[in-house]
1. Looking at V53, V15 in this structure, which one is β-branched (V, I, T) and over 30 Å from D184 (Cβ atoms)?
2. Quick check, is I200 among the hydrophobic types (A, V, I, L, M, F, W, C), in a strand (DSSP E or B) and in contact with a strand residue (DSSP E or B) (Cβ under 9 Å, 6 or more places away or on another chain)?
3. What are the residues in the range 27-47 that are assigned to a helix (DSSP H, G or I), surrounded by 10 or more Cβ atoms within 10 Å (Cβ to Cβ) and not hydrophobic (A, V, I, L, M, F, W, C), if any?
4. Filter the range 1-18 for residues that are under 15 Å from V132 (Cα atoms) and within 11 Å of the chain's Cα centre (by Cα) and give the result.
5. Within the range 55-70, does at least one residue satisfy the condition of being outside any strand (DSSP E or B), in contact with a Cys (Cβ under 9 Å, 6 or more places away or on another chain) and buried (at least 16 other Cβ atoms within 10 Å of the Cβ)?
6. Name every residue in the range 90-112 that is of a type outside the set (D, E, K, R), surrounded by fewer than 24 Cβ atoms within 10 Å (Cβ to Cβ), within 18 Å of P7 (Cβ to Cβ) and touching a helix residue (DSSP H, G or I) at 6+ places or on another chain (Cβ under 6 Å), in order of residue number.
7. Which of the residues belonging to the range 155-186 are under 20 Å from the mean Cα position of the chain (by Cα) and aliphatic (A, V, I, L, M)?
8. Step by step: first the residues of the range 71-115, then only those that are among the aliphatic types (A, V, I, L, M) and assigned to a loop (DSSP other than H, G, I, E, B), then the one that is nearest to D18 (Cα to Cα). Which residue is that?
Amino acid sequence: MLKIRVPATSANLSVGFDTLGIALNIYNEFGFEKSSFDNVDAFESKFRTNNLVLKSYKRFFEYYNIKYVPVKILPFRIDIPSSRGLGSSASCIVAGVMAANILSGLNLKKEDLLDLCASIEGHPDNVLPGLVGGLCAAFMAHEKYYYKKYIPSSRLQFYSLIPHFELKTELSRSVLPKMYNRCDVIANLSRIVNLPSAFIDGDIELLKAIFDDKIHEPYRYKLIEHSLDVKTYFKDYAVAISGAGSSLLVIGDKVIELDKIYDFKIVKVIVDNNGVEIYEC
């Protein structure tokens, strides 16, 4: 049996809407083995219909126009909470595509799977770090995604603040405006170009100044109860909404001693610099 482990991901990193993402050491693990028919019976009943892992697995064969290999899929370990902005959907996509890549015998490099994974997800900011790990920035040109991977400084401390409530991506996207003020766009652009070096250097003062988004966070904070109170409390840290929410990402150079604030569970995390991992079991 093939075992595939995919890290959680935190997208956007404040100013990098649909562009930036980082991999974190919270994981979903799935088992795959060839079968005479597709089987996802081991999943909870709500995940058996339109199963995203299986859907992504099938999409690989359609995309490359090769003979289909039926599969049995097992959810070994599901630690990434759904609808919390930590890339649970991306983990399913990456796992399904990677399994198909191996069981089909095509065996492409994992970075070569970005275009397919992003086409399923609709954007690259979660699936890319899920594939290759680290801090990633991506853009599309000539119908192809290009990216750069960075390794953040070990001096930085990362925390996922995970609430008990979900926030669906559809709702989080629906509150965003159709048009933006030019000054707001320039403010984001001027910050995003300095973001990779701030992570690499572990410059928390620069990160705090950079984490001041104008494109999506002003509209999404309203959907996440006490999120602005948390941001005020952690004024000495860089704070961002993780993906579409409802979790927050807090980055600093000091340890946080709390394990909870308001309705947010505080989880110490580290950056996963490897991305998806494949094991035989």
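1. V53
2. The answer is no for I200.
3. Listed by number, the list is empty, since nothing qualifies.
4. V6, P7, A8, T9, S10, A11, listed by residue number.
5. yes
6. Residues satisfying the conditions do not exist here.
7. Matches in the range 155-186: L156, L161, I162, L167, L171, L176.
8. L86
The values are calculated or read from the model by the stated rules, or taken from the named source; none is laboratory data. The structure presented is a predicted model; accordingly, all values stated were derived computationally and were not measured. Every residue, glycine as well, gets a Cβ built from its backbone with ideal geometry; the counts of neighbours run over all protein chains shown.
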